[in-house]
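Trainee: Please see the structure below; I have some questions.
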Amino acid sequence: MSKRVGIFISGGGSNMRALVQDMTGDHPARPAVVVSNNEDSGGVGWARQQGIATEVIDHRPFGKDRPAFEAAITAALAPYDLDIICLAGFMRVLTAGFVTPWEGRMLNIHPSLLPKYKGLNTHARALEAGDTEHGCTSHLVTPALDDGPILGQARVPVKAGDTPEILAERVLIQEHKLYPAVLRRFASGNTTPVML
Ligand code: GAR
């Protein structure tokens, strides 16, 4: 039976689209729901057009009460009977209370070659450091931010004249290849890292 995947987004959701578009044919998983903390995220409209269920849980009414926000997500997820969660540009930090029950079943894509540049502004930080190589990482989510066993990495060159925006675009193209490849392998029960 196909694995049921929930994909969490906050913005345009281009990684979510790449995952959804790959989950056809003999792929061992199917999208069950797209979750967003932002009704305006472009990805929500796209998912609805594809006939995928969506759940929007705005974090703002919860203020600093992350556990209450996460409890609302957990309640919204209940009907979907998910096997796997893919964080795909979900820009809210999740606490251990949410992460721990999903450990080993929750994946993330991060725009750096982890363990370098956890957190935000990864492209600018790679440029500032004078790195000649940059990239993206997919990993299992643990309570520590942008940590956890690596499931795959893709590398890109840093070129003369690169700005954070240009570099982000080059990395994003690789994210769209890496994350679907990782999910396909993971959903079939194989956690050997995908190295692109
Ligand atoms: C992607 O580059 C993803 O790696 C990054 O946000 C972007 C979302 O783009 N995620 C993080 O920075 C998580 N800390 P998308 O909405 O087009 O997939």
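Trainee: Open to solvent by 30 Å² or more (accessible area, probe 1.4 Å), within 12 Å of the ligand (Cβ to nearest atom) and either at pLDDT 95 or above or in contact with a Gly (Cβ under 7 Å, 6 or more places away or on another chain) (or both), is that true of HIS176?
Mentor: So HIS176 fits the description; yes.
Trainee: Could you tell me whether ALA126 is over 20 Å from CYS86 (Cα atoms), within 15 Å of the ligand (Cβ to nearest atom) and of a type outside the set (Lys, Arg)?
Mentor: The answer is yes for ALA126.
Trainee: Looking at LYS116 and the list (1) of a type outside the set (Phe, Trp, Tyr); (2) farther than 20 Å from GLY11 by Cα; (3) away from the ligand (no atom under 16 Å from the Cβ); (4) free of Cβ contacts under 8 Å to residues at least 60 places away in the same chain, which single condition is not satisfied?
Mentor: (3)
Trainee: Of these, THR122, THR191, THR137, THR142, which one is in contact (Cβ under 8 Å) with a residue 12 or more places away in the chain and more than 17 Å from PHE90 (Cα to Cα)?
Mentor: None of the others qualify; the one that does is THR191.
Trainee: Give the number of residues within the range 18-38 that are in a helix (DSSP H, G or I) and either touching a residue at least 60 places away in the same chain (Cβ under 8 Å) or of a type in the set (Asp, Glu) (or both).
Mentor: 4
Trainee: Working only within the range 19-32, note down all residues that are within 12 Å of the chain's Cα centre (by Cα) and more than 13 Å from GLN50 (Cβ to Cβ).
Mentor: Listed by number, the list is empty, since nothing qualifies.
Trainee: Taking the residues in the range 81-113 that are more than 16 Å from the ligand (Cβ to nearest atom) and not hydrophobic (A, V, I, L, M, F, W, C) as candidates, determine which candidate is least open to solvent (accessible area, probe 1.4 Å).
Mentor: Only one residue tops the list, namely GLY104.
Trainee: Do we have TYR117 as touching a helix residue (DSSP H, G or I) at 6+ places or on another chain (Cβ under 6 Å) and on the phi > 0 side of the Ramachandran plot here?
Mentor: yes
Trainee: Same structure, new question: Applying the selection to the range 27-38, what residues are open to solvent by 20 Å² or more (accessible area, probe 1.4 Å) and either farther than 17 Å from VAL182 by Cβ or at pLDDT below 95 (or both)?
Mentor: Within the range 27-38, just ASN38 meets the criteria.
Trainee: If I ask for residues that are on the phi < 0 side of the Ramachandran plot, at pLDDT 95 or above and within 12 Å of the ligand (Cβ to nearest atom), which ones from the range 10-26 would you list?
Mentor: SER10, SER14, ASN15, MET16, ARG17, ALA18, LEU19, VAL20
Trainee: How many residues does the range 39-64 hold that are under 13 Å from PHE90 (Cβ atoms) and either part of a strand (DSSP E or B) or open to solvent by 50 Å² or more (accessible area, probe 1.4 Å) (or both)?
Mentor: Number satisfying all stated conditions: 2.
Trainee: Same structure again: Please go through the range 114-145 and pick out each residue that is part of a loop (DSSP other than H, G, I, E, B), surrounded by 21 or more Cβ atoms within 10 Å (Cβ to Cβ) and of a type outside the set (Phe, Trp, Tyr).
Mentor: VAL141
Trainee: Give the range 146-166 a look and list any residue that's part of a strand (DSSP E or B), touching a residue at least 40 places away in the same chain (Cβ under 8 Å) and open to solvent by 30 Å² or more (accessible area, probe 1.4 Å), or say none.
Mentor: ILE150, ARG155
The values are calculated or read from the model by the stated rules, or taken from the named source; none is laboratory data. Quick caveat, the model's predicted, so the values are computed rather than measured. Cβ coordinates were reconstructed from backbone atoms using ideal geometry, including for glycine residues, and neighbour counts include every protein chain displayed. Side chains included, ligands, DNA and RNA excluded: accessible areas come from the protein's heavy atoms. Shrake-Rupley method; radii C 1.70, N 1.55, O 1.52, S 1.80 Å.
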